[in-house]
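Inspection log for the structure reproduced underneath, given as structure tokens.
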């Protein structure tokens, strides 16, 4: 009898031990399925949230490596990148480019054409003049002197994607047509990178956030639209103006006048200069009043397209921006929806039913 009880105890504890092993394996597996990792690339923060993967760390690292490779191709400040070679080339000399550069150029030309030049990546000489280029931007409160009207006029003569550059898609080349012209894909490259990064790994569910350009795969995510807060202008009680749902295969991009800016003290008050340059005037886009747009958030299935359109809408203002969104939606090349915050901090939605304002 005692022997039988002993055997029973051994079996009992063996079962408990076995259950503990199973629980440990399950917990370890569950932990391994998810991972959120942080990096720096394209001079901004990269967050990769991996779900449903047996190798989440490796997947996140692979996305980071992909982004690094793209930066070496697309950054105008990285020596021997496609953009660096285009901007350094002599007029009339075709520059061989990677497939990624040509794909982005095709989208850039499309949005440039549809927005009547409101989005224009050839505005880079003016971006540099206003000290918003890579490595130029100073913290708010730093000394800043706006460029002169004559300097602005000189740089405007270099701007115009349809006349400053020629893309040959059959031969994968881009040719500079005006001496001193410069090309920069800026945020559109980040939108492109985040969009295609989701396809580089086998993870079933993930979110990639590259400097506010967000792409998701495999599940719905609730995304916050940031309040357009400026230190010198207006502050809000919450970090988010509102939220919306981003579904499988969708991406979101926000352009706003509050992201990078200078404030200059003058006798008449404070002057505000933000980084979104109007290619027609050579100056920061007018975002004030009910007709101005301080923040444009665009949702689509193509990150580069969403980012270019968001920039164009800020430049165009509310009325012309909504007209652009209507025309793009009707044409149907990419789906498009948006949340626009005007200069009076009211909002307008376009093709978006689930936006919830934080009011």
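The values are calculated or read from the model by the stated rules, or taken from the named source; none is laboratory data. Because the structure is a prediction, the values reported are computed rather than measured. Please note: Cβ atoms are built from the backbone with ideal geometry, for glycine as well, and neighbour counts cover all protein chains shown.
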Filter the range 109-142 for residues that are more than 19 Å from residue 286 (Cα to Cα) and touching a strand residue (DSSP E or B) at 6+ places or on another chain (Cβ under 9 Å); the one that is modelled with the lowest pLDDT is 141
Residue check: is residue 328 modelled with pLDDT of 95 or more and within 22 Å of residue 223 (Cβ to Cβ)? yes
Which residues, taken from the range 312-339, are assigned to a strand (DSSP E or B) and either in contact (Cβ under 8 Å) with a residue 60 or more places away in the chain or crowded, with 24+ Cβ neighbours inside 10 Å (or both)? 338, 339
Answer residue from the range 59-79, given it is over 14 Å from residue 192 (Cβ atoms) and in contact with a helix residue (DSSP H, G or I) (Cβ under 8 Å, 6 or more places away or on another chain) and is surrounded by the most Cβ atoms within 10 Å (Cβ to Cβ) among those: 76
Please pick out the residue among 309, 294, 298, 263 that is crowded, with 22+ Cβ neighbours inside 10 Å and either assigned to a helix (DSSP H, G or I) or more than 19 Å from the chain's Cα centre (by Cα) (or both). 309
Return yes or no: is residue 233 modelled with pLDDT under 95, surrounded by 14 or more Cβ atoms within 10 Å (Cβ to Cβ) and not in a helix (DSSP H, G or I)? yes
Subset of the range 39-51, residues outside any strand (DSSP E or B) and either out of contact with any helix residue (DSSP H, G or I) (no Cβ under 6 Å at 6 or more places or on another chain) or without any contact (Cβ under 8 Å) to a residue 12 or more places away in the chain (or both), comes to 43
Please list, ordered by first then second residue, the pairs with beta carbon atoms under 9 Å, 6 or more apart or interchain, first in the range 160-175 and at positive phi and in contact (Cβ under 8 Å) with a residue 40 or more places away in the chain, second in a helix (DSSP H, G or I) and loosely packed, with under 13 Cβ neighbours inside 10 Å. 172/99
Residue hits (the range 58-77; closer than 15 Å to residue 98 by Cβ and in a loop (DSSP other than H, G, I, E, B)) are 75, 76
Could you please give the count of residues in the range 173-196 that are closer than 13 Å to residue 62 by Cα and surrounded by fewer than 24 Cβ atoms within 10 Å (Cβ to Cβ)? 1
